[in-house]
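The values are calculated or read from the model by the stated rules, or taken from the named source; none is laboratory data. From a predicted model like this one, the values you see are computed outputs, not experimental measurements. FYI the Cβ positions are ideal-geometry reconstructions off the backbone, even for glycines, and counts take in every protein chain you see. For accessibility, only protein heavy atoms count, side chains too; no ligands or nucleic acids. Shrake-Rupley method; radii C 1.70, N 1.55, O 1.52, S 1.80 Å.
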Amino acid sequence: MDVSSFLGAKAQRTDEALDRCLASWAGAPALLVEAVRYSLFAGGKRFRPALVLGTAEIIGECDTPALPAACALEMIHTYSLIHDDLPAMDNDDFRRGRPTLHRAHGEAVAILAGDALLTMAFDALGEAGNATVIREVAQAAGAAGMVGGQLLDMAAEQTTPTLDELRRVHAGKTGALIRVSVRAGAMLAGAQSTQIDRLTVYGEQLGLAFQIADDILDVEGDAARLGKPVGSDAARGKATYPAIVGMAQSKTLAREAMQAAIDALDDFGCEADTFRALARFVVERDC
Ligand code: GRG
């Protein structure tokens, strides 16, 4: 299956499951549900759910056991985007092709919608009934993962970190959720530990390639395709790969990470071909 059909199919499957989760949200104020829906169904790529579901299929041929984790990872990712866009953080006006949630509904509603998504994610994850997965997702999203990476990222603004420091920022801010998406899908499909180890390397290298590509797109991308303005990293003095090592070296590093991700799949057969193509897509994408 080609990458865009794969992403499209997994996005549809995830959206249907997310819709069911929200429909069962009895008793929640209508404004909160509307705000959550505004951000959740704004046309994200559903990249993390696709990783969860795709990994489960590589291992077990069926992605159903991993569907709660796919929903949970998208809810956590969407909450992180809502909070990242707030005036206290990046103060962004556009996300996923529409005004950011705080521009549409105000800051307080945006904070609460993010809180609601984060808590609902763990409700959804509980359905999968695997305590190890719940703990790994919590750790990846939390202080030693995405939240910690976000703090380091803010602290690095207007500074020139070393490449190792930059890697640490991004391993937390972006890499942790991508890595745990692959691990959760594998664990919920009953993978053996050697398979989980190889897929973890794939997830780590893919996350790195994804972040470098994201930094490159902020310089060279098309705002209409991205659904948000370009050039904001440089305007804010953000520590990015192009800022630290230059554009040419950034592209080389992205390709090296892509190749390392593909190499990590050597023990798998044609069932992992879509994931090999996905690694190429991550560095070649325009949105
Ligand atoms: C607020 C705790 C907290 C964390 C924020 C997600 C994040 C951490 C910051 C966003 C800043 C950013 C642009 C990071 C680069 C990588 C990234 C997460 C890009 C957005 O993810 P995509 O491309 O977005 O998967 P869609 O909209 O397609 O889901």
(message) Looking for something buried (at least 24 other Cβ atoms within 10 Å of the Cβ) and closer than 16 Å to ASP19 by Cα - is there at least one such residue anywhere in the stretch 51-64?
(response) no
(request) Looking only at the stretch 120-162, count how many residues are part of a helix (DSSP H, G or I) and open to solvent by less than 50 Å² (accessible area, probe 1.4 Å). (result) 16
(message) Every residue in the stretch 171-218 that is more than 21 Å from ALA72 (Cβ to Cβ), touching an Asp or Glu at 6+ places or on another chain (Cβ under 9 Å) and among the β-branched types (Val, Ile, Thr), please.
(response) THR194, VAL201
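Go through ALA50, ALA17, ALA35 for me and flag whichever is at pLDDT 95 or above, small (Gly, Ala, Ser) and under 17 Å from the mean Cα position of the chain (by Cα).
Values: ALA17 fails: under 17 Å from the mean Cα position of the chain (by Cα); ALA35 fails: under 17 Å from the mean Cα position of the chain (by Cα).
Answer to the check: ALA50.
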(request) Specify the residue that is nearest to the ligand (Cβ to nearest atom); the eligible residues are those in the stretch 151-190 that are polar (S, T, N, Q) and within 21 Å of MET120 (Cα to Cα). (result) THR174
(request) Scan the stretch 14-41 for residues that are within 16 Å of the ligand (Cβ to nearest atom) and either open to solvent by 20 Å² or more (accessible area, probe 1.4 Å) or of a type in the set (Phe, Trp, Tyr) (or both) and report the count. (result) 4
